[in-house]
Structure formats: C-alpha cells, structure tokens
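Peer 1: I'd like to ask you about the structure that follows.
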Amino acid sequence: MGTVGKALELLDVFTRSRPLIGLSDLARLAQLNKATCFRLVQELCDYGLLEQVGSSREYRLGPSVLRLAAQREAQVPTRDAAMPILQELANATGETAHMSLIMASVLRPLAVAYSTAYATRVTMEDTDSLPFHATSSGLAVLAFQSEAFVAAQLDKPLVKLAVRTETNPANLRDRLAHITKSGVAESAGAYETDVNSMAVPLFDAFGSCIGAVSVAAIASRQSSEQITHTRATLIQAGRKITKLWGGSVPPAIATAWQTAA
C-alpha cells in the first residue's frame, strides 16, 4: 500500500465511539510503527484532515473533512436530500429507519431516522459499519455485487454476533440468491438478538447497487401484518431514494418489488 493509502486508512480509524485518539493508540490501531504514524499524521494535519486538541494532545478529524463533505453534498445531494423520505419511512413503520452506503468496500451508515411511536427503539448512534453477513442492509447490498466482491467478503472469518448469526458461506450464498430475485433482504436476530430488520438495495444511474435503506425493529413488535406493511413501505422508500439520487432500479428488481408491494 502506498503512502496516500496508509494516510487515508488512518482517517478510517476514527469512529463515533472513538473520536479522539492519541498517537500511540493510533499507531497500534493502524498497525504502523510510531515514527511512520507520526509522519503521516503530521501530513494529514497540514491539510486540515486531522487536528490535535486538548491537554492530552489527542487527534480528531479536522475541518477539511467537513469542507469535503459539504462539497460532495452540494454537488451530489445524498444524505440531506433523502432524509425526508427516511423520516417518512420511520414514521410510517413506527420503527428505526436508516440508510447505508458502500465506502471503500465497507458498508457505512449514512443517516438514521427515529420514530416516536414507542418508548423503546433500535438505536444506531454508535454503529460505524454494518457487517455484510449479519444485517439485512449488508445482505441487500452484497446480493448485487460482483462475484469477486462477494467471495472476498465471505472468505473472511465471519463473526458470530448473536445466536442466529449465519456464518456458513454456502448458506449465505443461498440467501443472497433469493435476495437477488426478490430485491428484499430480511434478518432476524442475526446482529442483535432482539432486533429484526428488513432492507432493500439502492442503485445508481448505471443500475449498480451502492447502498441500502432499512427498517430495524424490536422483534416482539413484528406481527405478520406489520412485516407486510414494512415491506411495502420500505420498497416505496427504496424507489423514491434511488430516483432522487438519479439512479435506476434494474427491471427484474422493479418487477419483483411491484409484486411484493
């Protein structure tokens, strides 16, 4: 990996739950020696991508990250444009709705909307990535990727996050084949024991899957009627967001969604 790649990987170490990191910890997390890490950090600080703060001299993401994000959002409206649809989805289902995008082969949450229908709900404030094998969003996205991408993900050690997490690659491939035909992914207690989720893929202008929109719900609230309602509402949201982003739903999936909805 080149110098640029190593520097950019340092940015990926920062998460919602780990916003401040000292040099020693940063080197350890990035698996770099301290001298190399310090040199890369200094270069990132020079460009405003990192900054050092506090008496402990820890690092955090710098203001240039905000500038780049704002420029991207202005040119290609993504998060802000889709938020009203996401909030409508949360309100209509009474559950937590969220969007995710593939970023450098990792599925990252982009936005979340909460319903006020219940006192208890699924929260995602500390979620920095979504495992492909254990979430409906991950499965919805993985089903529409290249064979090379799927193989790379399923050849990795698949962590068993809950009792119902599927870690057998062959079984996961069977599920992906079904999702490829239906355009809807479901997950019951695979990421968190008491949480069920459903997701549909989101597509770009070339019909390539770039992310997913999902509803995550407390399992005990999910009656068959609620599941049917969630599926129809979710498909509608998937169509709207894809269209809003200038995307195009592949004809086979559009037909499958029409039948399911």
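Just so it is clear, none of the values below were taken in a lab; they were calculated from the coordinates. Values in this document were obtained by computation on a predicted structure and should not be read as measured data. Cβ placement follows ideal geometry from the backbone for every residue including glycine, while neighbour counts extend to all protein chains displayed.
Peer 1: Label point 7 Å out from Ala232 along Cα-to-Cβ: which residues of segment 83-101 have amide N under 16 Å?
Peer 2: What the label zone holds, given the 16 Å backbone N cut-off, is 89, 92-94.
Peer 1: Which order, highest average first, do 50-59, 106-115 follow once you tally other Cβ atoms within 10 Å for each residue and take the mean per peptide?
Peer 2: Order by mean packing, descending: 106-115, 50-59.
Peer 1: Okay, moving on. So for each of 38-45, 89-96, 148-155 I average, over its residues, the number of other beta carbons within 10 Å; can you give me the resulting order with the highest mean first?
Peer 2: The densest-packed peptide leads the list: 89-96, 38-45, 148-155.
Peer 1: Also: Can you bin segment 20-104 into rounded, prolate or oblate? Criterion: square roots of the alpha carbon gyration tensor eigenvalues sorted a ≥ b ≥ c, rounded for a/c under 1.5, prolate for a/b above b/c, oblate for the rest.
Peer 2: The shape class here is prolate.
Peer 1: List, in order, the whole-Hz ³J(HN,Hα) value for each residue of segment 42-52 obtained from phi through the Karplus relation with A = 6.51, B = -1.76, C = 1.60 and θ = phi - 60°; use x for Gly and Pro.
Peer 2: 4, 5, 5, 5, 4, 9, x, 7, 10, 8, 9
Peer 1: Restricting the calculation to Cα positions, tell me the Rg (one decimal) and the Dmax (whole number) of segment 147-222 in Å.
Peer 2: Both quantities, over Cα of segment 147-222: 13.5, 39 Å.
Peer 1: Follow-up question, since we're still on this one. Antiparallel versus total DSSP beta bridges in segment 81-236: what percent is that, nearest 5?
Peer 2: 100
Peer 1: With the Cα gyration tensor of the chain in hand, give its eigenvalues times 5 under a square root as the equivalent ellipsoid semi-axes, listed largest first in whole angstrom.
Peer 2: Taking √(5λ) for each Cα gyration eigenvalue gives 34, 20, 19 Å.
Peer 1: For segment 220-226, take each phi angle, set θ = phi - 60°, evaluate the Karplus expression 6.51 cos²θ - 1.76 cosθ + 1.60, and give the result in whole Hz per residue in order, putting x for glycine and proline.
Peer 2: Working through the residues one at a time gives 5, 8, 8, 7, 4, 5, 5 Hz.
Peer 1: Which value at 222 nm does the chain reach when only helices count, each DSSP H run of 4 or more adding -39,500 (n - 2.57), with the total divided by all residues and rounded to the nearest 500 deg cm²/dmol?
Peer 2: Result for the chain, helices only: -14500 deg cm²/dmol.
Peer 1: A further question on this structure: Using the Karplus curve 6.51 cos²θ - 1.76 cosθ + 1.60 with θ = phi - 60°, work out ³J(HN,Hα) for each residue of segment 155-160 in order, rounded to whole Hz, and write x for Gly and Pro.
Peer 2: Taking θ as phi minus 60°, the curve returns 7, 6, x, 9, 6, 8 Hz for segment 155-160.
Peer 1: Kirkwood Rh over alpha-carbon pairs of segment 3-66, then Stokes-Einstein at 10 °C and 1.306 mPa s: what D in µm² s⁻¹, rounded to an integer?
Peer 2: D = 139 µm²/s.
Peer 1: Right, another one. Rank Thr193, Val41, Ser17 by how far each Cα sits towards the positive end of the charge dipole of the chain (+1 on Lys, Arg Cβ; -1 on Asp, Glu Cβ) and give me just the farthest.
Peer 2: Value: Val41.
Peer 1: Between segment 231-261 and segment 109-158, what is the C-alpha centre distance in whole Å?
Peer 2: Each part reduced to its Cα centre gives a spacing of 19 Å.
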